[in-house]
Structures are given as C-alpha cells and as structure tokens.
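What follows is calculated from the coordinates using simple rules that are stated; it is not laboratory data. All values derive from a computational prediction rather than experimental measurement. Note: ideal-geometry Cβ built from the backbone for every residue, glycine included; neighbour counts use all protein chains shown.
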Amino acid sequence: MKKITLLASILFMGFASVQAQDEEPLTNLALNKTATASSQFRDNLGPSYAFDGIANSTGSRWSAADHKGTGDGEINTGENSWLQVDLGEALEFNKILITEFSNKINKYRIEVTDDATDDLSWESILGDVEQTFEGIKGKVNPWPEITFPAVTKRYVRLWIIESFTFRGSGVLDEPSICEMEIYNDPSLSTGLTSTDADKLLSLNVDGEQLQIKTAQAVNSVKVIDLSGRTVIEQPFNSTISVANLSSGVYLVQLETSEGTLITRKIVKK
Ligand SMILES: [Ca+2]
C-alpha cells in the first residue's frame, strides 16, 4: 500500500515538474502594490484588500462606499467610484483579472497613466465596457478575462461607471472588488496583426460626431469618400465632427503609431 502511495507521489511530482517547465506561472504585477480608492465602506474593506493575492474570499475585498447612504436619504450606489493601484514603475501588461463580490457592476472602464496626479492624463484602455455576465449574489464572481494590446504604464485604475442599485431579493450591496490582478501574458502579446488591431476598434457615427474607440496608439485619421477623395484629415481625436459631410458611405483610415493602417467603413445618415 505504501509502495503504491510512494509511486503515485513520484509520478505526481514528475508530472508537476513537467507542468512547471511548460508553463511559467505569470507574475501578478499588482500584488501587494500601493492601493488607493475614491472611497471605502469600512476599515476592513479598504483598497489594499483588492491587491493582497486573496481572490476568492468574501472577507478580503475593497468595498466602494457605504450603501446605506449618508443618513439624509441619499443612497450611494458606488457609481463613479474608482480603485487604483500604483505598480511602482511603468510596467508592461496586457491582461487584467477581476473577482467581484455579488457582481453589482454593470459598466466599467480600465484607465492607465504615468502621472496619477494629473486627472487629464488618464487614458481608457478599452473604452466603456458593458458587463454582460450574471454573477451570483453573496459569492465571489470572476469576471471574464480582460485582455488588450500591451500597454506600459505605472498606475492602473478600475472606474465603476454603473452598478445595480438592487439585485435579487432587493438587498442593496455596494460594489466590491475581491481582487484585481494585472499580468503581462506573453501568449497574448505575440504578433498583433492588423486584423487583430481592426477587431479592437469601434467606430460609431452618433449624429454629427464620429466616435472612435481603439486600444492602439493612433497618430492620424483620414475620412475618404467612395470616389477616393479625402474629405477629413487630422491628428487623432476620439471624437471627430462629421457635420460637414453629406449622407453616405465613407472609409475611415487610422494610422497607428506603428505605421499600420486600419480602415473601416462608416455610414453618415
Ligand atoms: Ca483580496
């Protein structure tokens, strides 16, 4: 009996070491780094608990704000709260894993900067993201993996744009993040093709405005009509006026900082 156990142990160890050789564990760049937040519910639910390496415990989490409100009838839903981590230096990363208590957040964005004191310097990595999965109330819920072309920045923050006021039985919970892990995953960053870049782009004509969302650094924007004439040419801006264009189909061409051209079709109504 002992022999079998020993053999099993050796086999298991052998298997484990092969696994370790094949897959280097990724380093969580945010682990135990300096955390701050817009607010916190209680002393034992401060921002550092979202970066302590304990992802699956309801007891180790940051809670955005006191959901019971200020006592004057105001209820704080935790919307427009933020959770920030200082990586210590500018580090490259392309993946964020988040676990949330009770899954209240239904719209968020991830922002990065090298100067946390300059409000205008924060850049959104993926624009405003709708949270579509349904989590379980009172449990730790892992979000779908958040991946994007690698960025190199020092500060990262999760901005909570919208959260549910009531869920399930009508009990109100404040938004609460159990853990936010930040990784540079080499399996994601190899060879970003123009097709991949194209997928990351969202172009939306909203009335007289062309809204551009992209995870890539873009230098310039061209709008070309179907006869091949350039009708707009300017440095990149996430909002571009198309008020002067007549109704019809146009091509929008973005030149990335790497020189890649991304072309998409839009319709001006
Ligand atoms: Ca935690």
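Annotation: amide H-H contacts under 5 Å for residue 231 (H modelled 1.01 Å from N, sequence separation of 5 or more, or interchain): 223, 224, 225.
If r is the Cβ-Cβ distance from residue 206 to residue 136 and R0 is 22 Å, what FRET efficiency results, to the nearest 0.05? That gives a FRET efficiency of 0.05.
Checking every one of the GluC sites (Glu not before Pro) in region 215-269 against DSSP loop status and a limit of 15 other Cβ atoms within 10 Å picks out 258. Here the Karplus curve 6.51 cos²θ - 1.76 cosθ + 1.60, taken at θ = phi - 60°, turns the phi angles of region 248-257 into couplings of x, 9, 9, 9, 9, 10, 9, 9, 6, 5 Hz, with x standing for Gly and Pro. Taking 0.36 nm per residue of sequence separation and removing the Cα-Cα distance, the residue 48/residue 224 pair yields an extension gain of 58.4 nm. Summarising the amide proton neighbourhood of residue 179: residues at separation of 5 or more, or on other chains, whose placed amide H is nearer than 5 Å comprise 99. Couplings 3J(HN,Hα) for region 208-221, derived from phi with the Karplus relation 6.51 cos²θ - 1.76 cosθ + 1.60 (θ = phi - 60°), are 9, 10, 9, 9, 10, 10, 8, 8, 9, 6, 10, 8, 9, 10 Hz, where x marks Gly and Pro. Full extension of the segment from residue 147 to residue 115, taken as 0.36 nm per residue of separation minus the current Cα-Cα distance, would add 9.3 nm. Remark: relative contact order (region 81-160) = 53 percent; criterion is Cα-Cα distance under 8 angstrom and separation of 6 or more residues.
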